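K.L.:
I'd like to ask some things about the structure below.
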Amino acid sequence: MFNFEITPLGNMFFGMSLLVFVSLFFVKNRDRDLMLHSLLLGSLAMIFYASDFITLFVGWEIMGWSSYFIIARTADVKTLQKYIVFNLGAAFALLGAIILIYGATGSFIYSEIDFSVVPKGLGIVISVLLLVAIFVKSGVMPFHYWVVDSYDKSNHIFSAILSAIISKVGIFAFILIFFRIITTEYLQESIFDIVAWLGVITSIAATFKAINEDEAKRLLAYSSIAQLGYIITILAVFGSVSIEGALYHTVVHTFVKLLLFINVAAIIYVSRESRFDRLGGLLYKYPINFILLVVGIIALAGVPPLAGFSSKFLIYTVLLEEKRGLLLAAVMFSSASAFLYSYKLVYGIYLGQRTSDSVDSYPKIPVSFYIPQIIGVLVLVVLGTTPGVIVPAFNSILTSIGMESVAYESIFVLGSNFASFNGGVIMGALGIIFVVILLFFVKLKNRAVRARDRFDISYCGEIPKADVNLHYGYGMGKELSRIGLVKLILKNSSHTLWKRISQIFADASNIMQRVYNISAQSVGLLIFTFFTILLFVGVK
């Protein structure tokens, strides 16, 4: 009944999943359910190693329901309603596409499906249904409505799994179905031009939503949506290097989000706070956690010399090669804007003025919280120094799905037909610069004058009252609402859209309820009328 096959693509995604699950196993988590987590990991193995659509769909459903029950341990009813409605919708869309594929090709098995026999119109319908399922799982707007609340209300450790692993299932399905099974020969480029723009619009909107957030986990949730938008955009630009860029950014995003979510989870564990305006001043209390966060932020922003620069480099060069100037400008705008929420995350938790005198009484962060963060840092540093080391693995994936391999020179060099760079040289040069700047600041620190308290800003010619919130995280991003585009993004959300859709379904259900609740006499009258009309038409 179930068919499996070991593929390079499946190995990559399941390998990342296994590493994330193992690294989180030892982290303190009062809400962990080993049975549900084991079921979830098993469902991921089914999805990544399936060789037919039935196995894929069963794994998809087990993943959805096991995730639901894990989220339900801490989330409220509203969050669960959003999760179940959207994920059921994605499941039905995927099932509908599978049924149509079987009806047209006569097979569920990947290797036996011949898409050349599928009519063009039916192919478009199948593509749209598949994209809906992928968009829901990856949080592409406007199908992201369930993502932020689910990430925020979940157990703090499981939020890392949702962002690092579960969100990647949509990316896996995109590559598997559109590039291996359907193949680019039978894809409608006009549809995927729209997909590319949906991805970049998602990244821009989510970036400014993140800047406007006052809670760390919600900020990271919007950040995840934005980063996945980049991946969807670059996948929609068909080509081997575009898939390489998408795979590279998938790996980077997995370990960046593992690092950042666990970093924030550690702070929530010791402080019981997640809002920026209730945190601050934790740099000297938790310096190691601060350094680990900064590494994650550098990678997230795509700044040399870490792995985030490598994946962003590929994304930019692909768009340049394909002459997608507007897409490139939009992606770069979103990427540059991400510095604002990245800085908010660093400053709001560690660098800002402390908002509570109880900081000194916070306990030490358990060592287990550092394990997944250190794993994330190691991956990001290794890929930053030797960016080409993972290219042979990507070439194996490309070959297995019928695409051409990309150029490979050495483990230190990453490039395309447009440009290349040496990660070892960049890491060495920036490492020397970092040490020089660090020594300068250490010397400067000895001459610094520390403020007596957080209200000691007399050098600014101002003495605030005690109830004035001076924390940088408080209200940051609100001033951006003066900009027309940002104001449009912040004032509008998909809430109105989905509220209207839910109202339509509620009205339809009320009508159906009235139909089913009519009396027996009315039913008899309807049946009599129906057959009378049939008789009249037949006689005529």
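The values are calculated or read from the model by the stated rules, or taken from the named source; none is laboratory data. Computed from a predicted model, the values in this text were never measured in an experiment. Reconstructed Cβ throughout: ideal geometry from the backbone, glycine too, with neighbour counts over all protein chains shown.
K.L.:
Filter the stretch 244-278 down to the residues that are more than 17 Å from S203 (Cα to Cα) and of a type in the set (D, E, K, R), then identify the one that is modelled with the highest pLDDT.
P.N.:
Top of the filtered list is E244.
K.L.:
Looking only at the stretch 111-132, which residues are more than 27 Å from the chain's Cα centre (by Cα) and assigned to a helix (DSSP H, G or I)?
P.N.:
S111, E112, F115, S116, V117, K120, G121, L122, G123
K.L.:
Still on this structure, please answer the following. Looking only at the stretch 275-317, which residues are farther than 17 Å from T385 by Cβ, touching a Gly at 6+ places or on another chain (Cβ under 7 Å), part of a helix (DSSP H, G or I) and not charged (D, E, K, R)?
P.N.:
Selection gives F276, L300, A301, I315.
K.L.:
Would a scan of the stretch 173-184 turn up a residue that is surrounded by 18 or more Cβ atoms within 10 Å (Cβ to Cβ) and more than 22 Å from G402 (Cβ to Cβ)?
P.N.:
no
K.L.:
Still on this structure: Could you tell me which residue of the stretch 270-315 is nearest to Q353 (Cα to Cα), considering only residues that are out of contact with any Lys or Arg (no Cβ under 7 Å at 6 or more places or on another chain) and among the hydroxyl-bearing types (S, T, Y)?
P.N.:
So the residue we want is Y284.
K.L.:
Also: Report yes if T399 is in contact with a helix residue (DSSP H, G or I) (Cβ under 9 Å, 6 or more places away or on another chain), exposed (fewer than 15 other Cβ atoms within 10 Å of the Cβ) and farther than 24 Å from A266 by Cα, otherwise no.
P.N.:
yes
K.L.:
Let me ask you something else. If I filter the stretch 86-103 for residues that are buried (at least 18 other Cβ atoms within 10 Å of the Cβ) and more than 15 Å from I134 (Cα to Cα), do I get at least one hit?
P.N.:
yes
K.L.:
Taking the stated definitions as given, is V58 in the same structural domain as I124 (by TED's automatic domain parsing) and in contact (Cβ under 8 Å) with a residue 60 or more places away in the chain?
P.N.:
no
K.L.:
Sort through V318, V331 and tell me the only one that's of a type outside the set (D, E, K, R) and under 19 Å from the mean Cα position of the chain (by Cα).
P.N.:
Numbers: V318 fails: under 19 Å from the mean Cα position of the chain (by Cα).
Selected residue: V331, the only one of V318, V331 that is of a type outside the set (D, E, K, R) and under 19 Å from the mean Cα position of the chain (by Cα).
K.L.:
Still on this structure: Name the residues in the stretch 397-425 that are more than 20 Å from V318 (Cβ to Cβ) and not in a strand (DSSP E or B), would you?
P.N.:
Hits for the stretch 397-425 are S400, I411, F412, G424, V425.
K.L.:
Here's something else I'd like to know. Checking the conditions here, which among I109, I98 is over 26 Å from Q227 (Cα atoms) and free of Cβ contacts under 8 Å to residues at least 60 places away in the same chain?
P.N.:
Being over 26 Å from Q227 (Cα atoms) and free of Cβ contacts under 8 Å to residues at least 60 places away in the same chain holds for just one of I109, I98, which is I98.
K.L.:
Return the residues of the stretch 348-382 that are assigned to a helix (DSSP H, G or I), modelled with pLDDT under 90 and surrounded by fewer than 19 Cβ atoms within 10 Å (Cβ to Cβ); say none if nothing qualifies.
P.N.:
L351, D357, S358, V359, D360, S361
K.L.:
Same structure again: Suppose the filter is in contact with a His (Cβ under 9 Å, 6 or more places away or on another chain) and under 25 Å from G170 (Cα atoms); does L300 pass it?
P.N.:
Here the answer is yes, as L300 does meet what is asked.
K.L.:
Further question: State yes or no: is S67 at pLDDT 90 or above and not in a helix (DSSP H, G or I)? Give the steps one after another, and end with the answer.
P.N.:
Details: at pLDDT 90 or above: yes; not in a helix (DSSP H, G or I): no.
No.
K.L.:
Of F48, F53, F21, F13, which residue is of a type outside the set (S, T, N, Q) and surrounded by fewer than 21 Cβ atoms within 10 Å (Cβ to Cβ)? Give the derivation first.
P.N.:
Working: F48 fails: surrounded by fewer than 21 Cβ atoms within 10 Å (Cβ to Cβ); F53 fails: surrounded by fewer than 21 Cβ atoms within 10 Å (Cβ to Cβ); F13 fails: surrounded by fewer than 21 Cβ atoms within 10 Å (Cβ to Cβ).
On inspection, the qualifying residue turns out to be F21.
K.L.:
Could you give me the residue pairs with C-beta distances under 7 Å whose first residue belongs to the stretch 394-422 and is free of Cβ contacts under 8 Å to residues at least 40 places away in the same chain, whose second residue is β-branched (V, I, T) and surrounded by 18 or more Cβ atoms within 10 Å (Cβ to Cβ) wherever it lies, and which are 6+ apart or on separate chains?
P.N.:
N395/V406; Y408/V391; I411/T386; F412/T386; S420/V413; N422/V413
K.L.:
Just to be sure I understand, how many residues within the stretch 383-393 are in a helix (DSSP H, G or I), without any contact (Cβ under 8 Å) to a residue 40 or more places away in the chain and closer than 21 Å to L259 by Cβ?
P.N.:
Number satisfying all stated conditions: 1.
K.L.:
Cβ contacts < 9 Å: first residue assigned by TED's automatic domain parsing to the domain that holds S311 and small (G, A, S), restricted to the stretch 358-379; second residue buried (at least 20 other Cβ atoms within 10 Å of the Cβ) and not in a helix (DSSP H, G or I), any location; separation 6+ or different chain. Result?
P.N.:
S368/V27
K.L.:
In the stretch 409-420, which residue that is modelled with pLDDT of 90 or more and surrounded by 15 or more Cβ atoms within 10 Å (Cβ to Cβ) is nearest to F238 (Cα to Cα)?
P.N.:
L414
K.L.:
Ok, one more. For the structure I just gave you, tell me whether F135 is part of a helix (DSSP H, G or I), of a type outside the set (G, A, S) and touching a residue at least 12 places away in the same chain (Cβ under 8 Å).
P.N.:
In short, yes.
K.L.:
If V237 meets every condition in (1) surrounded by 22 or more Cβ atoms within 10 Å (Cβ to Cβ); (2) in a helix (DSSP H, G or I) apart from one, which number is that one?
P.N.:
So V237 meets the others, but not (2).
K.L.:
Could you list, in sequence order, the residues of the stretch 196-210 that are surrounded by fewer than 24 Cβ atoms within 10 Å (Cβ to Cβ) and among the β-branched types (V, I, T)?
P.N.:
Matches in the stretch 196-210: I201, I204.
K.L.:
Now for a separate question. Given the residues I171, I161, I165, which is the only one that is among the β-branched types (V, I, T), out of contact with any helix residue (DSSP H, G or I) (no Cβ under 6 Å at 6 or more places or on another chain) and within 28 Å of V27 (Cα to Cα)?
P.N.:
I161
K.L.:
Moving on. Within the stretch 24-34, take every residue that is of a type in the set (K, R) and surrounded by fewer than 16 Cβ atoms within 10 Å (Cβ to Cβ) and give me the one that is farthest from Y248 (Cα to Cα). So that I can check it myself, show each step before the final result.
P.N.:
Looking only at the stretch 24-34, we keep the residues that are of a type in the set (K, R), and these are 28, 30, 32.
Then drop every residue that is not surrounded by fewer than 16 Cβ atoms within 10 Å (Cβ to Cβ), which leaves 28, 30.
Working: K28: 30, R30: 34 Å.
Once the filter is applied, the top-ranked residue is R30.
K.L.:
Which pairs have Cβ atoms under 7 Å, sit 6 or more apart or on different chains, and link a residue in the stretch 309-329 that is assigned by TED's automatic domain parsing to the domain that holds F418 and in contact (Cβ under 8 Å) with a residue 12 or more places away in the chain to one that is buried (at least 22 other Cβ atoms within 10 Å of the Cβ) and of a type in the set (D, E, K, R)?
P.N.:
Listed by first residue and then by second, the contacts come to L314/E244.
K.L.:
Is it the case, given these coordinates, that P287 is within 19 Å of H253 (Cα to Cα) and in the same structural domain as L351 (by TED's automatic domain parsing)? Steps first, answer last, please.
P.N.:
Details: within 19 Å of H253 (Cα to Cα): no; in the same structural domain as L351 (by TED's automatic domain parsing): yes.
Criteria not met by P287.
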